[in-house]
1. Going by how many other beta carbons lie within 10 Å of each one, how would you line up 94, 282, fewest first?
2. Determine the calculated [θ] at 222 nm for the chain from helices alone, applying -39500 (n - 2.57) to every DSSP H run no shorter than 4 residues and normalising by the residue count; nearest 500 deg cm²/dmol.
3. What three numbers, in Å, describe the spread of the alpha carbons of region 267-356 along their principal axes, ordered from the longest?
4. Test of understanding: express the Cα radius of gyration of region 92-149 as a ratio to 2.2 N^0.38 Å, with N the residue count.
5. Return one quarter of the surface area of the convex hull spanned by the alpha-carbon atoms of region 161-204, equal to its mean projected area, in nm².
6. Taking only Cα atoms, what is the 0 to 90° angle, nearest 10, from helix 32-48's long axis to the longest principal axis of the chain?
7. With N set to the number of residues, divide the alpha-carbon radius of gyration of region 76-193 by 2.2 N^0.38 Å and report two decimals.
8. Convex hull over the alpha-carbon atoms of region 1-43: what's its volume per residue in Å³?
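Bear in mind these aren't lab numbers, they're just calculated from the coordinates by the rules spelled out. Keep in mind it's a predicted model, so treat the numbers as computed, not measured. Heads up, the Cβs are rebuilt from the backbone with ideal geometry, glycines too, and the neighbour counts pull from every protein chain shown.
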Ligand SMILES: *Cc1c(COP(=O)(O)O)cnc(C)c1O
């Protein structure tokens, strides 16, 4: 099979250094080799976040994709208290769905997908409700929109609640300053902007908050952050059998990022996004959200009239290019192009020229169809407009 170019927001094409790392020797996770491996990964994660007061933070690594880290946070930090989920997309919705399973007092402020939050509304809600934890997605991958950590972090701090953030699709591409934004816990995963294989996730948190977790009664066994913290602190290990080869690969991915330089890596991903976006604008494509609000790892593009996303994906796949299609209320209306992992500038140029050819072919086919059979107008499905704001408590 030809090598596929993954223009997706994860999984990604991994670097050769990672292919080698994942095949390292067999080690036992209850021996000193693993303790050292995990300790190294933890230190590298703290460096990735550029935490200044490092002694105040810790990072636990979980075998499981990003959702595992999110579920670990939502099941471990709320206790008997109340949590407010801020959602403006698919992944905010998943946080809510996960939280209601674990937390009786789950509140929700929900905006239509791809719509920015209303700060005065959030401030008013926090002023009139007793909320202990606020959870939000940083990069809402369904729309490509970055949510404002600094502003929301300030509101949450003023209210006295804890701020927890899903950074699954932004960490490695954008800076999350946990100290400046008053964030207690951030989740992320191995297989998006960090560029490694899928299967691991992690939670970075303030040590003080990790310590307090033991006062809550456990809601899960496997994903209990308090247990992860105890094993980390006492043995530099994980509570259960970890996917050790993936730890070798994650360690290598972090080593590669740190040797390039975190900010240089971010700038390189942004430069690739700029190349991709200017090329797509030249093809007269429109984006779903303003470029200023986008994460630098992903571009969400409106499907041109008379083109079906399904056909577009299929034609690109024939040329070894893999893209995403929109989900939920964006299904059929957008496609998504990621620019993380081992993609070169040549790969981006190949993508743009192939996209151009494919769009021309599909539009020409559609024009033929109109001439031959004159189908009714409106080739695109219209899905219901989501409710404006839904507050559920
Ligand atoms: C990918 C992603 C997740 C986790 O999804 P998995 O299927 O568990 O990898 C969570 N949040 C966001 C914002 C994501 O993009």
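1. Least crowded to most crowded, the residues run 282, 94.
2. Values: 12 runs with 162 residues, N = 393.
Here the helix-only value at 222 nm equals -13000 deg cm²/dmol.
3. 34, 30, 22
4. It is 1.15.
5. Values: hull surface 11.5 nm².
Mean shadow area of the hull around the Cα atoms is 2.9 nm².
6. 60
7. 0.97
8. That works out to 125 Å³ per residue.
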